[in-house]
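Presented below is the structure to which this report refers.
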Amino acid sequence: MSIKNLLNGRFQAAMQQLEIPSECSPLLNQSNKPEFGDYQANGAMGAAKKLKTNPRELAQKILEQVDLDGIAAKTDIAGPGFINITLCNHFLAKALTEPSNQSIANPQIVVIDYSGPNLAKEMHVGHLRSTIIGDAIARILEYQGQEVIRQNHMGDWGTQFGMLIGELELQLSQGEQAELALSDLEVFYQQSKKHFDADPAFADNARANVVKLQSGDPDCLKLWQQFISVSIAHNTEIYKQLNVGLKAEHIKPESAYNKDLNTIVDDLAAQQLAVESEGAKVVFLQELADKNGDPSPMIVQKSGGGFLYATTDLAAIRYRANQLKAERILYFIDARQSLHMKQVFVTGKKAGFVADSVSLEHHAFGTMMGKDGKPFKTRTGGTVKLADLLKEAMDRAEQLVREKNNDLDDQEIKEIARKVGIGAVKYADLCKTRTNDYIFDWDSMLSFEGNTAPYLQYAYTRICSIFRKAEIKLEGFTAKINIGETQEKQLALKLLQFNDVVEQVAAECYPHTLCNYLYELSSLFMSFYEHCPILKSDVPPETAKSRLQLAATSAAILKQGLDLLGIEVMEKM
Ligand code: ARG
């Protein structure tokens with residue numbers, strides 16, 4: 001249940017009875033200081049302004065009217081008319097044992113565009129943020145009961161493929177096996193680039209291949225398909241390692257829209273949205289004019305007839321709105337593509353490819369930086385392959401786990417190291433405010449202290465070990481909760497706020513809000529455990545059971561919350 005929604009409903013009813021206009025919201029929120037109670041209703045001031053009356057008096061009237069029986073232990077009015085509400089322990093205890101129902105009343109069809117690596121090369125760190133942030137949001141919306149459709153807009157159709165096909169053709173003609181030639185995509189890319197730069201005949205052939213490929217030449221398509229399959233297999237392996245829910249059925253690559261591109265441009269031209277400009281077809285957007293008032297140009301067809309990234313994105317957005325019936329379309333793409341996304345959104349709506357009611361959202365993010373404050377690179381300045389990064393994460397985690405533990409067997413250690421290493425990399429990214437750049441730092445992300453995955457995973461194992469010691473099964477444990485100590489109350493209140501946090505993240509798409517919540521929850525659990533003994537012999541059995549229940553619910557929420565971030569837990573570490 002959501003306490004916030006419950007209180008909001010009660011205040012709305014009271015305000016309605018007092019004939020306060022319905023556009024005045026109770027402005028209900030968690031209090032940020034304990035002296036202001038647990039929740040605050042700050043709507044009296046706004047309402048008083050509208051009604052031209054005294055805010056404190058109005059707050060008093062609202063308080064007299066509102067029904068908080070069995071919910072609040074104490075209420076008071078502070079300052080000009082803030083209403084502070086302190087919840088009653090009994091209410092919290094009862095709410096915690098009621099089955100929680102997070103599913104929303106009106107599920108939406110939400111298309112989520114994330115990861116979208118280019119298939120010409122191996123997946124590198126540049127794809128990490130889109131992949132894990134997008135995946136976390138997909139999980140969160142799905143948990144809420146939204147109808148989520150994942151779309152992996154892979155780049156498989158650009159001009160580079162002419163060069164790569166040419167290289168494959170060449171190597172095969174020299175007797176090379178395709179699997180062998182493509183065993184290292186990075187090396188293969190370098191070889192073809194070298195040929196392209198050094199040999200004009202090779203370059204001409206590469207350019208001709210692009211045209212042949214895009215017009216459906218069967219030989220070219222066959223070579224291209226071989227290349228693409230290897231590259232997709234490589235990405236699938238990375239998704240599996242990352243515990244990311246992208247599957248083959250979510251791949252809707254650029255090439256899938258090839259057949260629509262002519263229609264898109266014709267349609268834009270017919271509506272006079274696209275016009276000829278120096279031989280190319282361009283959409284000029286006054287809506288996105290620069291500071292001199294010049295419209296923002298978006299090329300949709302080059303003078304030679306070729307289509308662009310923007311054309312494909314227009315076809316994709318039309319498909320998502322019309323075919324997939326999306327009501328909300330989310331894009332998790334680097335902030336550097338912000339203008340591109342704006343152009344696609346504005347044009348999509350103007351051209352009628354997307355109905356006005358559809359919410360188009362670009363959730364941008366900053367760059368992953370090295371400790372030197374420059375974009376994250378290898379020691380020699382190359383791009384870091386994702387596969388190498390993840391391997392290093394697991395190796396480092398393994399070392400840490402080995403230092404801490406000697407009673408686990410080798411296989412257990414490897415499994416824990418996998419969850420800790422991958423969890424650490426993902427969490428370090430998710431816990432930062434998405435829109436900022438962030439510094440990638442092995443030591444801080446793998447620390448067992450502070451706002452890190454290992455800290456949260458450790459908190460979970462602590463709870464498991466309490467139950468092991470008590471020789472009680474954690475899963476399915478139920479007992480009546482009694483709240484007496486402050487630490488018990490604070491923990492209970494936090495636990496009850498989980499669904500509000502989920503709702504907020506689902507609306508705003510900032511996963512760090514959930515990370516902060518889980519971190520605060522773990523810290524509250526730790527201090528609860530310190531102050532409120534459970535397994536000591538002088539603790540009355542009813543109290544012990546009630547505390548075990550608080551611990552069990554904490555474990556369940558921690559596990560659920562981490563799962564929404566795509567991070568696994570373990571029983572021991
Ligand atoms: N392939 C693109 C890149 O690597 C990302 C694709 C994002 N999705 C989209 N619909 N444009 O930059």
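Among the candidates Thr97, Thr86, the residue that is open to solvent by 60 Å² or more (accessible area, probe 1.4 Å) and in contact (Cβ under 8 Å) with a residue 40 or more places away in the chain is uniquely Thr97. Of the residues that make up the range 234-246, is at least one closer than 24 Å to Tyr309 by Cβ and among the small types (Gly, Ala, Ser)? No: zero hits.
Results for (1) modelled with pLDDT of 95 or more; (2) surrounded by fewer than 16 Cβ atoms within 10 Å (Cβ to Cβ); (3) of a type outside the set (A, V, I, L, M); (4) not in a loop (DSSP other than H, G, I, E, B), shown as yes or no for each residue.
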{"position": "Asp260", "(1), (2), (3), (4)": "yes, no, yes, yes"}
{"position": "Thr263", "(1), (2), (3), (4)": "yes, yes, yes, yes"}
{"position": "Leu268", "(1), (2), (3), (4)": "yes, no, no, yes"}
{"position": "Val282", "(1), (2), (3), (4)": "yes, no, no, yes"}
{"position": "Glu287", "(1), (2), (3), (4)": "yes, yes, yes, yes"}
{"position": "Asn292", "(1), (2), (3), (4)": "yes, yes, yes, no"}
{"position": "Pro297", "(1), (2), (3), (4)": "yes, yes, yes, yes"}
{"position": "Leu314", "(1), (2), (3), (4)": "yes, no, no, yes"}
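Give the residue, chosen from Val358, Val344, Val354, that is crowded, with 20+ Cβ neighbours inside 10 Å, among the aliphatic types (A, V, I, L, M) and within 13 Å of the ligand (Cβ to nearest atom). Only one candidate qualifies: Val344.
Please enumerate the residues belonging to the range 105-121 that are within 27 Å of Gly166 (Cβ to Cβ) and either away from the ligand (no atom under 12 Å from the Cβ) or in a loop (DSSP other than H, G, I, E, B) (or both). Passing the criteria: Gly116, Pro117, Leu119, Ala120, Lys121.
Scanning the range 374-384 for residues that are open to solvent by less than 40 Å² (accessible area, probe 1.4 Å) and within 26 Å of the chain's Cα centre (by Cα) yields Phe376, Val384. Condition check for Asp407 on (1) in a helix (DSSP H, G or I); (2) farther than 16 Å from Met123 by Cα: one failure, at (1).
Each residue in the range 270-280 was checked for being open to solvent by 50 Å² or more (accessible area, probe 1.4 Å) and either among the polar types (S, T, N, Q) or in contact (Cβ under 8 Å) with a residue 40 or more places away in the chain (or both), and 2 pass. One residue stands out in the range 226-258 among those that are basic (Lys, Arg) and open to solvent by 60 Å² or more (accessible area, probe 1.4 Å): the one that is farthest from Glu122 (Cα to Cα), namely Lys247. When the range 485-509 is filtered for residues that are touching a residue at least 60 places away in the same chain (Cβ under 8 Å) and open to solvent by 60 Å² or more (accessible area, probe 1.4 Å), only Glu503 remains. If you go through the range 63-104 and keep only what is assigned to a loop (DSSP other than H, G, I, E, B) and small (Gly, Ala, Ser), you end up with Gly70, Gly79, Gly81, Ser100, Ser103.
The helices (runs of 4 or more DSSP H) found wholly in the range 133-219 and carrying at least 2 residues that are away from the ligand (no atom under 16 Å from the Cβ), open to solvent by 10 Å² or more (accessible area, probe 1.4 Å) and not hydrophobic (A, V, I, L, M, F, W, C) occupy 160-173, 185-198, 200-214. Kindly list the number of the only condition in (1) open to solvent by 40 Å² or more (accessible area, probe 1.4 Å); (2) under 19 Å from Ala492 (Cα atoms) that fails for Gln40. Evaluating Gln40 over (1) open to solvent by 40 Å² or more (accessible area, probe 1.4 Å); (2) under 19 Å from Ala492 (Cα atoms) leaves (1) as the failure. Of all the residues that make up the range 319-341, how many are out of contact with any Ser or Thr (no Cβ under 9 Å at 6 or more places or on another chain), open to solvent by 30 Å² or more (accessible area, probe 1.4 Å), more than 10 Å from the ligand (Cβ to nearest atom) and assigned to a helix (DSSP H, G or I)? Residues in the range 319-341 being out of contact with any Ser or Thr (no Cβ under 9 Å at 6 or more places or on another chain), open to solvent by 30 Å² or more (accessible area, probe 1.4 Å), more than 10 Å from the ligand (Cβ to nearest atom) and assigned to a helix (DSSP H, G or I): 3 in total. Screening Tyr427 on (1) more than 18 Å from Val569 (Cβ to Cβ); (2) open to solvent by less than 30 Å² (accessible area, probe 1.4 Å); (3) assigned to a helix (DSSP H, G or I) shows it passes everything except condition (1). Do we have Ser537 as without any contact (Cβ under 8 Å) to a residue 12 or more places away in the chain and of a type in the set (S, T, N, Q) here? The answer is yes for Ser537. His124 satisfies every condition listed in (1) away from the ligand (no atom under 16 Å from the Cβ); (2) open to solvent by 20 Å² or more (accessible area, probe 1.4 Å) except (1).
The residues of the range 172-210 that are under 23 Å from His124 (Cβ atoms) and over 37 Å from the mean Cα position of the chain (by Cα), listed by number, are Lys194, His195, Phe196, Asp197, Ala206. The C-beta contact set for the range 342-357 (first residue closer than 12 Å to Ile329 by Cα, second residue open to solvent by less than 20 Å² (accessible area, probe 1.4 Å) and more than 14 Å from the ligand (Cβ to nearest atom), distance under 7 angstrom, 6+ apart or interchain) is empty.
The values are calculated or read from the model by the stated rules, or taken from the named source; none is laboratory data. Computed from a predicted model, the values in this text were never measured in an experiment. Counting neighbours? That spans all protein chains shown, and the Cβs are built from the backbone with ideal geometry, glycine included. With ligands, DNA and RNA removed, areas are computed over all heavy atoms of the protein, side chains included. Shrake-Rupley method; radii C 1.70, N 1.55, O 1.52, S 1.80 Å.
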